[in-house]
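Working notes, beginning with the structure itself.
The values are calculated or read from the model by the stated rules, or taken from the named source; none is laboratory data. All values reported here derive from a predicted model rather than from experimental measurement. Glycine also receives a Cβ, built like all others from the backbone with ideal geometry; neighbour counts cover every protein chain displayed. Calculation scope for accessible area: heavy atoms of the full protein, side chains included, ligands and nucleic acids excluded. Shrake-Rupley method; radii C 1.70, N 1.55, O 1.52, S 1.80 Å.
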Amino acid sequence: MEFRKSRTLTWFSLGLIVVGAVGTVLFVGWLLGEGGRRTSLILILAPFVLLMGLLGLVATLVPLKLRIDEYGLRVRNRRERVSLPDPVPWQVFDAVTIEPKPGEQDKDPYLIVWPKGPVPGLPAERAITRDGAVGFPVVSLGDLTEPPEALTKALRHYAGPLFRETPARHGTG
């Protein structure tokens, strides 16, 4: 099953760019024309709104690909520095969970893989250690277009018993 990147932030960023650009043009016109008169705080903030929109748009252009099938897991997520372009077989993993990152309980949960050993393409600096096992967050569920239930269903089907619904002990076995 192929999962795609959500475009909600893209549309929101484009809206900010439009509003910021119009406001910036009005602000520059005010500066060049009648600089002595008072202006609205909104016009003064318009360049910052434009900048926020541009930064948001750049953030949405970062590639994200997630594929879950009978052959394993493929992930390319520059934001998390994960690059697994070829399918990594399910046998490589001790567990697969959906849970928040440690210290980020109030944010979107992540798909976290718990490999039995080193896997090229998983960044060591992003590793999570728990109960002697090492896990790697590969994608935030908030970044996906599909609902979390679709990811859960795909993991139940393809990962089988490796998918742990609740964060539990991840010992090898």
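Brief remarks on what is shown
- Selection status of Pro85, assigned to a strand (DSSP E or B) and of a type outside the set (Ser, Thr, Tyr): yes
- Residues located in segment 64-79, provided they are out of contact with any Leu (no Cβ under 9 Å at 6 or more places or on another chain) and either open to solvent by less than 10 Å² (accessible area, probe 1.4 Å) or under 21 Å from Thr145 (Cβ atoms) (or both): Lys65, Asp69
- Filtered residues of segment 112-154 (kept if out of contact with any Pro (no Cβ under 8 Å at 6 or more places or on another chain), part of a loop (DSSP other than H, G, I, E, B) and within 20 Å of Arg78 (Cα to Cα)): Pro118, Val119, Pro120, Pro123, Ala127, Thr145, Glu146
- Selected residue (criterion: most open to solvent (accessible area, probe 1.4 Å)) from residues of segment 138-173 that are at pLDDT below 85 and among the β-branched types (Val, Ile, Thr): Thr172
- Checked against the criterion of being outside the structural domain of Leu14 (by the TED database) and at pLDDT 90 or above, segment 77-85 has no qualifying residue.
- Which listed residue is within 19 Å of Phe3 (Cβ to Cβ), in contact with a helix residue (DSSP H, G or I) (Cβ under 9 Å, 6 or more places away or on another chain) and in contact (Cβ under 8 Å) with a residue 60 or more places away in the chain, from Phe93, Phe136: Phe93
- Residue identified as open to solvent by 40 Å² or more (accessible area, probe 1.4 Å), at pLDDT below 90 and at positive phi among Gly36, Gly132: Gly132
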